[in-house]
Amino acid sequence: MSAKKIGVIGSGLIGRSFAMLFASAGYKVVIFDIEPAQTRAAKEDIREQLASLEKNGLLKGSLSRQQQFDNISTTENLEECVKNAFFIQECVPERLDIKRKVWAQVDKLVGDDVILSSSTSALLPSAISEGLTHKNRFIISHPTNPPFYCPAIEVVPAGWTDPDVIEKTFTVLKESGLVPVLIKKEVPGFVLNRIQYAIIGECYRLIKDGVVSPEDCDTIMSQGLGLRYAFMGPWETGYLNAEGMLSYGERYADMILDIQKSFGPPERIEGPTLQAIHASMERLAGPVQDIQKRRQWRDKRLIALAKLKRDL
Ligand code: NAD
């Protein structure tokens, strides 16, 4: 079990999750946040989250809850956070100016071998790191939220990222119970959000064109496609739906192409269609003021699914 140090910058939703995941692998994690009150709240929240994970039998790694908790400390000083760390995970808000500012500060404080990893959901690695002396050590590790129950994580190097950074990042993420996937070229939205936005785009059009109601559209995902997708992707689905991929192409390629040609150009989600979707979701998921209740409902189901996938 390693006792190497990881620095986590930003102690919001994602910073807390990363801290717990790294601590579960035995790393010593030091969290820094520009708001000291946030780091204090983070430590308390982590204590509660670890207790809930233990209760549900979902603690990762082999350490006890207390050992994992003790692996995490906080600081009000950025230098203390990154000093002697071999891996730094930045989790500050999704703004290029903030990310660049934070990384410019870190750049001056670290040696040549440190791995500089960002949680960004959409900013390109080259855009964040272009001005850094250590840009060859920069990489993106974009988690799926909530990372404890959705372990896939997109790893996106820039063109100038050293190969050993990719390899070592994979090792750290795997040790922390995540499932890293290499994104070989930097493209907007990486892969997860490109797929997600393609789905949103088509669902929006189908509702706007009066083909299906928002509730029924969600039902098709939650009671149909989504059930398979919890266990396999579209390619394995296709493989199993025919006699392998070539047979799938023979049977369905023309139909797929014809239907894809009817999709139409991208549209901004807005106006009366968006209002109608909102009203439907209020009926389905409850009013916005009670949204926390429905989030807990979702998390309970994600926990049950995580258990099922672990035990199968
Ligand atoms: P958040 O708003 O919950 O947390 C951001 C934290 O950064 C706050 O605690 C804030 O005080 C702190 N901060 C702001 N400026 C700082 C600075 N200069 N130095 C140090 N700390 C600073 O945000 P989040 O949801 O945790 O998102 C963090 C990153 O992770 C973003 O890039 C986001 O796109 C990405 N991400 C988010 C999700 C998600 O679903 N929330 C999923 C994947 C990736």
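The values are calculated or read from the model by the stated rules, or taken from the named source; none is laboratory data. Since the model is a prediction, treat every value here as computed from it, not as a measurement. Neighbour counts are summed over all protein chains in view; Cβ atoms, including those assigned to glycine, are modelled from backbone coordinates with ideal geometry. The accessibility values were calculated without ligands, DNA or RNA, using every heavy atom of the protein model including side chains. Shrake-Rupley method; radii C 1.70, N 1.55, O 1.52, S 1.80 Å.
What the table below lists for this structure:
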| read-out | value |
| --- | --- |
| Residues (within 18 Å of ALA23 (Cα to Cα), in contact with a Pro (Cβ under 9 Å, 6 or more places away or on another chain) and open to solvent by 20 Å² or more (accessible area, probe 1.4 Å)) located in segment 138-151 | CYS150, PRO151 |
| Options VAL187, VAL102; residue that is away from the ligand (no atom under 15 Å from the Cβ) and out of contact with any Pro (no Cβ under 6 Å at 6 or more places or on another chain) | VAL187 |
| Set PHE190, PHE231: member being crowded, with 18+ Cβ neighbours inside 10 Å and hydrophobic (A, V, I, L, M, F, W, C) | PHE190 |
| Residue within segment 257-273 that is part of a loop (DSSP other than H, G, I, E, B), on the phi < 0 side of the Ramachandran plot, β-branched (Val, Ile, Thr) and open to solvent by less than 70 Å² (accessible area, probe 1.4 Å) present | no |
| Selected residue [crowded, with 23+ Cβ neighbours inside 10 Å, more than 9 Å from the ligand (Cβ to nearest atom) and among the polar types (S, T, N, Q)] from SER62, SER24, SER52 | SER24 |
| Exclusive hit being part of a helix (DSSP H, G or I), of a type outside the set (S, T, N, Q), under 24 Å from the mean Cα position of the chain (by Cα) and over 30 Å from GLY57 (Cα atoms), set GLU202, GLU215 | GLU202 |
| Pick from segment 113-168, criterion at pLDDT 95 or above and aromatic (Phe, Trp, Tyr), ranking: nearest to PHE87 (Cα to Cα) | PHE138 |
| Among residues of segment 295-309, those that are in contact with a Phe, Trp or Tyr (Cβ under 8 Å, 6 or more places away or on another chain) and open to solvent by 70 Å² or more (accessible area, probe 1.4 Å), counted | 1 |
| Close pairs from segment 246-262: first under 16 Å from GLU236 (Cα atoms) and among the hydroxyl-bearing types (Ser, Thr, Tyr), partner open to solvent by less than 100 Å² (accessible area, probe 1.4 Å) and at pLDDT 95 or above, Cβ under 7 Å, at least 6 apart | TYR248/GLY238; TYR248/ASN241; TYR248/ALA242 |
